[in-house]
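Please read through the structure below; I'll follow up with questions.
The values are calculated or read from the model by the stated rules, or taken from the named source; none is laboratory data. Worth saying up front: this structure is predicted, and the values here are computed from it rather than measured. Don't worry about glycine lacking a Cβ; one is built from the backbone with ideal geometry, like all the others, and counts go over all protein chains shown.
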Amino acid sequence: MISFPPALILIIGALLLIILPRQTRPAAFLVFPALAFVWLIYLSPGDNLSATFLNTALIMTRVDELSLAFGYIFVIITFIGGIYAYHNKNTTEQIATLLYAGSSLGVVFAGDLLTLVIFWEIMAVASAYLIWARGTSLARGAGMRYLMMHLLGGSILIAGVLLHISQTGSAVFNPMEAGLSSYLILLAFCINAAVPPLHAWLTDAYPEGTITGTVFLGAFTTKTAVYALARGFAGWEMLIWVGIAMAIYGVVFVIPQNDLRRLLSYHIVSQVGYMIAAIGLGSALAVDGATAHAINNILYKSLLLMAAGAVLFSTGKSTMSELGGLFKSLPGVFILYMIAAFAISGVPFFNGFVSKSLITSAAAYEGIGLAVILLNLAAVGTFLSITLKLPYFTWFAEPHPVEVKKLPVGMYIAMAITGLICLITGLFPQILFSILPYPIEYRVFDTGHIIETVQLLVFATIGFCLLVKISKPKAGVVLDFDWFYRRPGKLTYQALVVPVNKFFGLVENLSLRAVHYLTAVSINPVYYLYSKVRWNNGFSAEKKSGLLPVYDPDKQRYTMEPIVIIVVVFIIGLLGWGLIRL
Amino acid sequence: MKSILQKNKIWVILFLAAIAATVAGFFIPTGKGKYDFWWTYIPVFYALLGIFGCIVMIYAAKGLKHWLHRKDDYYD
């Protein structure tokens, strides 16, 4: 059966936005994800759209349970993000967002690796614009580093894919066998999944993005990578420990952060760690857990980023050391933030509880006790930073004087919808389970498990209250792996770019001068080549006036007498010579 | 007595919640009955993990901050 690629709905939408009247664009933006959602409901697993390119069979669209699960949440969050960004009149940003969302959909519905690569690259470029659109010099630098890292990842992916096709003769994207090509592809996926030490692009760039752009950034790039890992590398055991290391690394680095959105970005690393650990476990329950966690994470992380964005929009400040005491002026944002914070920390009856339970249970069923403990430890860290520290130092603690601007209604509506979905999927996990890739039978609200979680969280709160004084946020940066390219980057720039630039400038200058003289000489050769006085003056008069003298035959023609005399003498000589020879 | 209670409202609530959660841990088996690790036999294991995990992480982060913290203009 031929099916229209869902990605194209958003991408065509991005092109249509250009020709629509400016006022209608924010509303039109919402139409395309809504259409895509309807189309996704209409599609059923097994629908394919195939083509042949360079003797390679391509499956441009492949619909199955896994891609549908990611597809649904991608279009939902595009829609909600559109409401959040309703006040934003930057058309290029809207177009970039739709392209970004469309290409993310393209990745999750790509049945072959070549199609995946193409959408992967569009994602990188479109998303970089969402960082640059902020317009600050920090954003320009961070966006460039972000793009470089993703182009590197894209190149590694292309190398892996081409090698894979040449080895297996097939471009179809199925679970991978170990081998060089698979390792290259895995490496590229890990860059997008922000696996430390390749994660610094995320924590460097996301906090510098636009207020609305960062919401989309937090939703798509890492989650498409999670999808790609789940599709290609489920059950690769090393991913269990990679994921757990990420989960712990993320929450430890979250604690010293000061910028709200940077704190939340570090936390993306930790959350993606859960998903990758689950993918490494590879059982049906674990892959379901990873998918459920990706869906839930998109919801509550977007809500957290929206709330942080709302604080930034309203106060112009985004660091905890400059905020505090906002509860009086932004209570609505606080309440909505707390819904997401409870969800992300896995408080029972919120959606994070559901997906975290799936993952830790999957680890427990495999008998990996250490994984269970470490994942619970990461949950403690999450609760500590997201639910206790950030809200305490933003909405309570000692207030700093800031001016509070009124928020657009769209922001509140978007946050409320997201919060509502978090609550509904938390209370009725069957809704979530119905779209997961594998059929699932799991009792979420087990009394023993709820008590475990309550113990964990209550005692973590006690720990925080005891140590609240030493957790006070401080202005400044905390170094991370980006140091390795940012610090030597300056030296490399001095060594490689500056001399090349100077040489280029020199050559450019010389060639421009050459052109200038050649033009002057061509227009009036006699004037320039023979009027010695002018030559010695270096054309100063012409330079000043900016005009080149025009050739005037009467004034500047070379006198004819010498030539006539030479010719006459030559003819006489020739005649004389002829006479003598006769 | 009343003023002390009001002053430390958060502590009182936390204390009550902590007692409730700990006591409940003794009566209701954790571990879902499907898997069985050494800690499933310790009723307060998750409470200990919560408080010590939290303290260890805060101190780890403090050490990290001490080592890696720089001024805002470090990269300029």
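Collect the residues in the stretch B:3-39 that are at pLDDT 85 or above and small (Gly, Ala, Ser), keeping them in residue-number order.
Within the stretch B:3-39, B:Ala17, B:Ala18, B:Ala20, B:Ala21, B:Ala24 meet the criteria.
Same structure, new question: Looking at the structure I just gave you, is A:Arg22 at pLDDT below 90 and of a type in the set (D, E, K, R)?
yes
Within the stretch B:46-76, track down each residue that is at the interface with chain A (Cβ under 8 Å from one of its Cβ atoms), within 30 Å of A:Glu366 (Cβ to Cβ) and not small (Gly, Ala, Ser).
B:Tyr46, B:Leu48, B:Leu49, B:Ile51, B:Phe52, B:Cys54, B:Ile55, B:Met57
Let me ask something additional. Considering only the stretch B:40-54, I want to know if a residue exists there that is assigned to a helix (DSSP H, G or I), at pLDDT below 85 and either of a type outside the set (Val, Ile, Thr) or out of contact with any Cys (no Cβ under 6 Å at 6 or more places or on another chain) (or both). I'd like the intermediate steps shown before the answer.
So in the stretch B:40-54, the residues assigned to a helix (DSSP H, G or I) come out as B:40-41, B:45-54.
Still in the running and at pLDDT below 85: B:40-41.
Retained after the next criterion (residues that are either of a type outside the set (Val, Ile, Thr) or out of contact with any Cys (no Cβ under 6 Å at 6 or more places or on another chain) (or both)): B:40-41.
The answer is yes; a qualifying residue exists.
Considering only residues that are facing chain B (nearest Cβ under 7 Å), crowded, with 20+ Cβ neighbours inside 10 Å and not charged (D, E, K, R), which ones fall in the stretch A:442-459?
A:His449, A:Ile451, A:Val454, A:Gln455, A:Leu456, A:Leu457, A:Val458, A:Phe459
Yes or no: the stretch A:173-196 includes at least one residue that is among the hydroxyl-bearing types (Ser, Thr, Tyr) and either closer than 22 Å to A:Gln257 by Cα or part of a loop (DSSP other than H, G, I, E, B) (or both). Give the derivation first.
Going residue by residue through the stretch A:173-196, those that are among the hydroxyl-bearing types (Ser, Thr, Tyr) are A:181-183.
Checking which are either closer than 22 Å to A:Gln257 by Cα or part of a loop (DSSP other than H, G, I, E, B) (or both) leaves us with none.
No, the conditions are met nowhere in the stretch A:173-196.
Shifting gears a bit: Are any of the residues in the stretch A:64-78 of a type outside the set (A, V, I, L, M, F, W, C), more than 24 Å from A:Ile191 (Cα to Cα) and at pLDDT below 95?
Looking for residues that are of a type outside the set (A, V, I, L, M, F, W, C), more than 24 Å from A:Ile191 (Cα to Cα) and at pLDDT below 95, one finds at least one in the stretch A:64-78, hence yes.
Kindly indicate which of A:Ala341, A:Ala378, A:Ala364 is farther than 17 Å from A:Thr425 by Cα and surrounded by 24 or more Cβ atoms within 10 Å (Cβ to Cβ). Spell out the reasoning first.
Details: A:Ala341 fails: farther than 17 Å from A:Thr425 by Cα; A:Ala364 fails: surrounded by 24 or more Cβ atoms within 10 Å (Cβ to Cβ).
Of A:Ala341, A:Ala378, A:Ala364, the one residue that is farther than 17 Å from A:Thr425 by Cα and surrounded by 24 or more Cβ atoms within 10 Å (Cβ to Cβ) is A:Ala378.
Another one. Among (1) within 7 Å of another protein chain (Cβ to nearest Cβ); (2) within 18 Å of A:Gly369 (Cβ to Cβ); (3) part of a helix (DSSP H, G or I), which single condition is B:Tyr35 missing?
Among (1) within 7 Å of another protein chain (Cβ to nearest Cβ); (2) within 18 Å of A:Gly369 (Cβ to Cβ); (3) part of a helix (DSSP H, G or I), the lone unmet condition for B:Tyr35 is (3).
Would you mind telling me which numbered condition in (1) within 14 Å of chain B (Cβ to nearest Cβ); (2) buried (at least 17 other Cβ atoms within 10 Å of the Cβ); (3) touching a helix residue (DSSP H, G or I) at 6+ places or on another chain (Cβ under 7 Å); (4) not β-branched (Val, Ile, Thr) A:Arg486 fails?
(3)
Additional query: Looking at (1) buried (at least 24 other Cβ atoms within 10 Å of the Cβ); (2) among the small types (Gly, Ala, Ser); (3) without any contact (Cβ under 8 Å) to a residue 12 or more places away in the chain, find the lone condition where A:Ala128 falls short.
Failed condition: (3).
Can you pull out every residue in the stretch A:212-239 that is buried (at least 24 other Cβ atoms within 10 Å of the Cβ) and either at positive phi or β-branched (Val, Ile, Thr) (or both)?
A:Thr212, A:Thr214, A:Val215, A:Thr221, A:Thr222, A:Thr224, A:Val226
Residues in the stretch A:320-330: is at least one under 27 Å from A:Ala475 (Cβ atoms) and touching a strand residue (DSSP E or B) at 6+ places or on another chain (Cβ under 9 Å)?
Taking the stretch A:320-330 as the starting set, the residues that turn out to be under 27 Å from A:Ala475 (Cβ atoms) are A:320-330.
Next cut, touching a strand residue (DSSP E or B) at 6+ places or on another chain (Cβ under 9 Å) only: A:320.
Checking the stretch A:320-330: at least one residue is under 27 Å from A:Ala475 (Cβ atoms) and touching a strand residue (DSSP E or B) at 6+ places or on another chain (Cβ under 9 Å).
Within the stretch A:70-88, identify whether any single residue is in contact (Cβ under 8 Å) with a residue 12 or more places away in the chain, in a helix (DSSP H, G or I), small (Gly, Ala, Ser) and closer than 17 Å to A:Ser434 by Cα, and answer yes or no.
Yes, the stretch A:70-88 has at least one match.
So which residues in the stretch A:124-145 are under 24 Å from A:Thr78 (Cα atoms) and among the charged types (D, E, K, R)? If you could, list the steps in order and put the result at the bottom.
Of the stretch A:124-145, the ones under 24 Å from A:Thr78 (Cα atoms) are A:124-135, A:139, A:142-143.
Hit for the stretch A:124-145 is A:Arg134, nothing else.
Right, next: Select from the stretch A:246-291 the residues that are among the hydrophobic types (A, V, I, L, M, F, W, C) and over 23 Å from A:Val354 (Cβ atoms) and list them in ascending order.
Initially, the stretch A:246-291 is screened for residues among the hydrophobic types (A, V, I, L, M, F, W, C), giving A:246-248, A:251-255, A:260, A:263-264, A:268-269, A:272, A:275-279, A:281, A:284-287, A:290.
Within the stretch A:246-291, A:Val252, A:Phe253, A:Ile255, A:Leu260, A:Leu263 qualify.
If only one of A:Val515, A:Val507 is surrounded by fewer than 11 Cβ atoms within 10 Å (Cβ to Cβ) and at pLDDT 95 or above, which one is it?
So the residue among A:Val515, A:Val507 that is surrounded by fewer than 11 Cβ atoms within 10 Å (Cβ to Cβ) and at pLDDT 95 or above is A:Val507.
For the stretch A:54-65, check the following and say yes or no: at least one residue is assigned to a helix (DSSP H, G or I) and aliphatic (A, V, I, L, M).
Quick first cut of the stretch A:54-65, residues assigned to a helix (DSSP H, G or I) only: A:65.
Next, only the ones that are aliphatic (A, V, I, L, M) stay: none.
Within the stretch A:54-65, none of the residues are assigned to a helix (DSSP H, G or I) and aliphatic (A, V, I, L, M).
In the stretch A:292-332, what residues are over 18 Å from A:Ala379 (Cα atoms) and polar (S, T, N, Q)?
A:Ser302, A:Ser314, A:Thr315, A:Ser318, A:Thr319, A:Ser321, A:Ser329
I'm told A:Tyr438 meets every condition in (1) closer than 17 Å to A:Val311 by Cβ; (2) more than 14 Å from every other protein chain (Cβ to nearest Cβ); (3) in contact with a helix residue (DSSP H, G or I) (Cβ under 6 Å, 6 or more places away or on another chain) except one. Can you identify the failing condition by its number?
The one condition A:Tyr438 does not meet is (1).
Looking at the stretch A:98-118, is at least one residue without any contact (Cβ under 8 Å) to a residue 40 or more places away in the chain, within 24 Å of A:Ser182 (Cβ to Cβ) and not hydroxyl-bearing (Ser, Thr, Tyr)?
So the first thing to find is which residues in the stretch A:98-118 are without any contact (Cβ under 8 Å) to a residue 40 or more places away in the chain, and the list is A:118.
Checking which are within 24 Å of A:Ser182 (Cβ to Cβ) leaves us with A:118.
Okay, now just the ones that are also not hydroxyl-bearing (Ser, Thr, Tyr), so A:118.
For the stretch A:98-118, residues without any contact (Cβ under 8 Å) to a residue 40 or more places away in the chain, within 24 Å of A:Ser182 (Cβ to Cβ) and not hydroxyl-bearing (Ser, Thr, Tyr): present.
So for the stretch A:479-491 (the condition being modelled with pLDDT of 85 or more, touching a Leu at 6+ places or on another chain (Cβ under 7 Å) and within 30 Å of A:Ala341 (Cα to Cα)), does at least one residue qualify?
Yes; the residues of the stretch A:479-491 include at least one that is modelled with pLDDT of 85 or more, touching a Leu at 6+ places or on another chain (Cβ under 7 Å) and within 30 Å of A:Ala341 (Cα to Cα).
Mind checking which residues of the stretch B:55-76 are exposed (fewer than 13 other Cβ atoms within 10 Å of the Cβ) and either outside any loop (DSSP other than H, G, I, E, B) or in contact with a strand residue (DSSP E or B) (Cβ under 7 Å, 6 or more places away or on another chain) (or both)?
B:Gly63, B:His66, B:Trp67, B:Arg70, B:Asp72
Mind counting the residues in the stretch A:460-482 that are in contact (Cβ under 8 Å) with a residue 24 or more places away in the chain, more than 7 Å from chain B (Cβ to nearest Cβ) and hydrophobic (A, V, I, L, M, F, W, C)?
2
Within the stretch A:381-403, which residues are surrounded by fewer than 20 Cβ atoms within 10 Å (Cβ to Cβ) and among the β-branched types (Val, Ile, Thr)?
Answer for the stretch A:381-403, where residues must be surrounded by fewer than 20 Cβ atoms within 10 Å (Cβ to Cβ) and among the β-branched types (Val, Ile, Thr): just A:Val402.
Does A:Ser361 fit the bill of being touching a His at 6+ places or on another chain (Cβ under 9 Å), within 19 Å of B:Gly50 (Cα to Cα), in contact (Cβ under 8 Å) with a residue 12 or more places away in the chain and not charged (D, E, K, R)?
yes
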